[in-house]
Structure formats: structure tokens, C-alpha cells
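Novice: Shown below is the structure under consideration.
The values are calculated or read from the model by the stated rules, or taken from the named source; none is laboratory data. The structure displayed is predicted, hence computed values, not measured ones. Neighbour counts are summed over all protein chains in view; Cβ atoms, including those assigned to glycine, are modelled from backbone coordinates with ideal geometry. Just so you know, the surface numbers come from the protein's heavy atoms only, side chains and all, with ligands and any DNA or RNA stripped out. Shrake-Rupley method; radii C 1.70, N 1.55, O 1.52, S 1.80 Å.
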Amino acid sequence: MSRISTKLAMYFFGVVLILELFLMFYLHRNIIHTRIDDEFSRLLANGANHRDVLIENYSDSTIKHIVLMENNKDREVSIINSKGMVISSSDDENPILKSYIPLVIRGNSIRDRIVVSDYKDSPYIISVHPYKSGEHLGYVLMYQSTNSINKMVNDLTMHFGIAGATSVLVLLIIYALLSKVLTRPLIQMKEATEKLSRGDFNVTLPYKSKDELGELSVSIQKLSKDLERLKRERNDFLASISHELSTPLTYLIGYAKVAMRKELSEEERGHYLSIIDEEAEQMKNLVKNLLDLAKIDENIFTVSKEYFRSDAFLQKIVNLVEPSCKLKNIKLRLKSPKNIQIYADPLRFQQILLNLLDNAIKYSKENSEIRLEVYRLDNRTVISVTDEGIGIPPDKIEFIFDRLYRVEKSRSRRYGGSGIGLSVVKELVEAHGGKIEAESKLGKGSTFKVTI
């Protein structure tokens with residue numbers, strides 16, 4: 001038996017045993033007291049009957065008849081006068097009966113009562129019944145042997161002891177079985193978590209109950225699947241990052257060596273240096289995005305929201321990206337009503353829009369148009385970025401916010417994407433409590449809507 005099942009069995013058994021002992025003691029004492037009270041009542045009733053008969057017809061024959069009726073091994077009777085002299089007794093030879101007479105005389109009883117009630121240490125329980133018939137005064141003493149009472153008490157104690165021992169044995173067996181049934185899923189869950197800690201995510205828990213243990217079982221299995229997925233994604237992420245970093249590094253090293261050749265003309269050297277600058281810039285952006293993702297994952301990425309006007313804020317964004325648009329002859333249009341307020345972190349929100357606009361410029365055709373628009377919808381603010389670029393295939397659009405996912409798989413230098421920018425945008429939007437959606441038609445362009 002495992003340690004937890006042993007503990008559960010001991011705790012349950014201890015609690016129930018204490019409760020059972022208390023109940024058995026209570027029942028034992030109440031049954032004994034009830035039976036003793038019944039003996040006292042019968043003794044008083046018999047004595048009262050004899051006294052009543054004696055009062056109605058006081059005579060020697062009546063006394064003899066009373067004595068004969070109680071002449072048995074369990075009960076005796078003595079009839080005495082008011083001075084304590086024995087008129088008649090069912091056992092004249094028994095000195096014990098006479099020894100109790102002084103208690104009656106000394107007590108000067110005027111009503112029926114139990115004189116001796118100690119059934120444990122006394123050979124008799126005794127009741128006294130005063131009588132008066134004409135000039136005759138005295139007492140009827142009833143003696144009930146305590147042997148039968150003690151035997152009854154001993155028998156009850158023995159039966160309670162047998163019942164208690166049997167119930168303890170049955171409880172031990174039941175709790176041993178129940179503890180195994182109850183703790184088996186816990187033990188399986190413990191073994192499952194140990195497998196998870198060793199990196200083995202092949203965990204199967206068959207426990208399917210609809211209680212808290214069942215919910216815990218489902219949660220552990222979900223955790224194993226999530227950990228397996230995270231491990232797979234981490235490996236893919238590291239492989240992709242290695243590839244993404246190695247590409248610009250290869251260009252940097254290769255073109256740096258070429259640019260160092262003495263026989264190159266200044267024009268050729270400038271061309272190679274511009275390529276080195278381009279790849280260094282791409283590498284800087286990649287590292288920056290990776291740092292942003294790491295901060296978000298570690299929950300150290302802070303968002304400080306405030307209200308600011310959309311028109312001035314978006315005009316600033318337009319001024320920042322217009323030079324890049326002019327290089328490709330792209331027209332950037334801004335539509336922003338003056339009365340719209342945005343509640344967000346200005347720095348982080350600028351990062352969101354710069355990423356989206358950079359993406360739009362990168363995948364737009366020359367002499368096309370990009371539209372940046374803000375409007376209110378259902379008490380929320382919507383900012384949309386629309387381009388007339390190459391578009392996204394319908395079967396790819398649901399994956400574009402995944403980390404390191406790229407629609408264009410060749411990793412060519414024409415587009416230069418790393419698959420991280422949109423993932424950072426999604427994380428930043430969700431950090432604001434908002435959502436981002438994408439709509440696209442292949443060959444006609446895409447629209448990204450940020451709702452906060």
C-alpha cells in the first residue's frame with residue numbers, strides 16, 4: 001500500500017473509530033441504565049403490591065402467602081415492624097438480609113423507595129415499602145439479587161465488545177480497499193508528473209470520473225500535450241532563428257570580405273557596403289523583435305495606457321514611414337477624424353502601426369496605395385491598414401500571426417521577412433485587451449484591423 005493510501009486509511013479509520021467508540025459507549029451505558037431502571041421499577045412494583053395486600057388484609061396467612069410468593073433464588077422479602085423486628089422472612093437463615101434492616105429504621109421511610117441501588121458491590125438491590133393496617137406498622141423489604149443484573153451487564157459488555165471488534169475489522173478491510181480505489185488515480189497522476197519532469201510527454205491517464213480527480217486527470221493530460229507542443233515549437237523556433245540569424249550573418253561576412261578587396265572600385269565597394277548595411281539593419285530588427293517576444297513571454301512587458309488624439313498621433317506615424325513609401329512610389333493616405341480619442345500605450349501602439357505599415361510597404365507593388373484609417377465601431381476604436389500588395393492565400397491567412405510563420409517560404413532577400421513582426425503585433429494588441437484581424441485577396445492586397 002502506498003504512503004498516501006496508508007495515510008488516508010489511517011485518518012478515516014481513526015475518525016470513524018473515535019466516533020464508533022463514542023456511540024458504542026453511549027449506547028452501552030444507556031441500555032444498561034435502562035435495564036437497571038426496569039429492575040428497580042419491577043422491584044418497587046412487586047413490593048407495592050405486597051404492601052397493598054398486607055394493608056387490605058393484615059393477617060398471619062397473608063404474611064405467609066407473601067413470603068411464599070417471593071421464596072426463590074433471585075428475590076427475597078422480609079416483613080418487619082416499626083421497631084425493626086422481623087415478623088417473617090423468605091430466608092430466615094440469611095444474615096445478609098437482616099444486616100440491611102438498620103438502614104430502613106434509620107431512614108424512617110414514609111414512602112416507597114430504593115434503599116440500596118449499588119448493584120456492582122452489593123449482593124442485593126433493596127426497596128422499602130412502609131405499611132399501616134390498624135395498629136400494625138412496619139415495612140415490607142424487597143431484595144433483588146444482583147447476580148442476574150451483573151450477568152446481564154457482563155453479557156451486554158461482551159456483545160458490545162464482539163460487535164466493536166468485528167466492526168473495527170470490517171472498517172479496516174473497507175478502508176484498505178477504498179483507500180486503494182481513491183488513491184490509485186492520485187498515484188497514477190504522480191507517476192505522470194514524474195514522466196513529464198523527465199521530458200517524457202507520452203502520458204495516458206485512464207481515470208474518467210466526473211469529479212475533481214477527473215478534472216485534474218484531464219488537466220494533466222492537457223498539460224502533457226501543451227508541453228509536448230511547446231517543446232516542438234521551441235525546437236522549431238530555435239531552428240528557424242538559427243537560420244534567420246545565419247542568413248544575414250553569412251551576407252555580412254561574405255560581403256565584408258568582398259568589400260575588403262583592394263582591387264575593387266569605390267562604386268563597387270559602396271554597393272557591397274550598402275548590402276552589408278541592409279543586412280545589418282534586418283538583423284537588428286530581428287533581434288529587437290525577439291527581445292520584445294521574450295519580454296512578453298516573461299510578463300515583464302508593461303503597457304501604460306493613456307488617452308491621446310488619433311489625428312496627431314497617426315500623422316506622426318505617417319511622417320515616419322513616408323520616406324520608405326516614396327522609395328517605392330507608394331502613396332500613403334490617412335483618414336482620421338479629429339474627435340476620436342485612442343486609449344492605449346503610445347509607444348507600444350506606435351510599434352504596432354509601424355510594424356503593420358512596414359509589412360504593407362514591403363509587400364506592396366510600386367505606384368500603389370496604402371490607406372491608414374481610424375474610426376469608431378460599437379464603442380471601440382478600429383485602426384485599419386490596407387495595401388494593394390501581393391495578398392495572402394486563403395489557406396495561409398489563419399497562420400500569419402504564428403511565430404516564424406512565413407507565407408513566402410523561400411526566405412529570399414526580395415521580401416526579407418522573418419515571420420516575427422506580425423507575432424509581436426498580435427501580442428502587443430492582446431496586451432492592450434484588443435484583437436487584430438486580417439482580410440486579404442490574393443494579388444489584390446490585404447487589410448489589417450486593430451480593434452481596442
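Novice: Compute the length gained on full extension between Phe399 and Ile174: take 0.36 nm times their separation in residues and subtract their Cα-Cα distance, giving the result in nm to one decimal. Let's see the in-between values first.
Specialist: On the way: separation 225, 0.36 × 225 = 81.00 nm, distance 5.56 nm.
Length difference between fully extended and current span is 75.4 nm.
Novice: Can you sort Ser265, Ser224, Ser59 by 1.4 Å-probe accessible area, starting with the largest? Could you put the intermediate results ahead of the total?
Specialist: Values: Ser265 50, Ser224 5, Ser59 30 Å².
Ranked list, largest accessible area first: Ser265, Ser59, Ser224.
Novice: Considering every Cα-Cα pair within the chain, what fraction, in whole percent, is farther apart than 30 Å? All intermediate terms of the calculation are to be shown ahead of the outcome.
Specialist: Details: 71311 of 101926 pairs.
Tail fraction, whole percent: 70.
Novice: Once amide H atoms are built 1.01 Å from N in the peptide plane, which residues 5 or more positions from Asp345, or in another chain, come under 5 Å H to H?
Specialist: Under 5 Å from the amide H of Asp345: Glu306.
Novice: What list of ³J(HN,Hα) values in whole Hz, one per residue of segment 355-360 in order, does the Karplus curve 6.51 cos²θ - 1.76 cosθ + 1.60 (θ = phi - 60°) give from phi, with Gly and Pro shown as x?
Specialist: 5, 5, 5, 4, 4, 4
Novice: Convert each backbone phi in segment 328-337 into a coupling constant with the Karplus relation 6.51 cos²θ - 1.76 cosθ + 1.60 (shift: θ = phi - 60°), then list the ³J(HN,Hα) values in order as whole Hz, x for Gly and Pro.
Specialist: 10, 6, 9, 8, 9, 9, 10, 10, 9, x
Novice: Can I ask one more? Divide by every residue of the chain the summed helix terms, -39500 (n - 2.57) for each DSSP H run of at least 4, and state the resulting mean residue ellipticity at 222 nm, rounded to the nearest 500 deg cm²/dmol.
Specialist: Values: 10 runs with 255 residues, N = 452.
My calculation for the chain gives -20000 deg cm²/dmol from helical runs alone.
Novice: Angle check, please: helix 3-56 long axis (alpha carbons) against the longest principal axis of the chain (alpha carbons), in degrees 0 to 90, nearest 10.
Specialist: 20
Novice: Let me ask another. Can you list the residues, at least 5 places off or on another chain, whose amide H is less than 5 Å from the amide H of Arg113, using H built in the peptide plane?
Specialist: So Arg113 has HN proximity to Val128.
Novice: May I pose another question? What is the spin-label model distance, in nm, from Met158 to Lys73 if the labels are put 7 Å beyond Cα along the C-beta direction?
Specialist: Taking the two extended label points, one gets 1.7 nm.
Novice: Okay, next question. Sequence-distant or interchain residues sharing an amide H contact under 5 Å with Arg75, placed H: which?
Specialist: Under 5 Å from the amide H of Arg75 lie the amide H atoms of Ser145, each far enough along the sequence or on another chain.
Novice: Short version: ³J(HN,Hα) in whole Hz for each residue of segment 114-122, in order, from phi by Karplus 6.51 cos²θ - 1.76 cosθ + 1.60 (θ = phi - 60°), x for Gly and Pro, what are they?
Specialist: These are the phi-based 3J(HN,Hα) values: 8, 8, 10, 10, 7, 7, 7, 10, 9 Hz.
Novice: To the nearest 10 degrees, how steep is helix 421-431 against the longest Cα principal axis of the chain, on a 0 to 90 scale?
Specialist: Orientation of helix 421-431: about 40 degrees from the principal axis.
Novice: How high is the relative contact order of the chain, in percent, counting Cα pairs under 8 Å that sit 6 or more residues apart?
Specialist: Reported as a whole number, the value is 9 percent.
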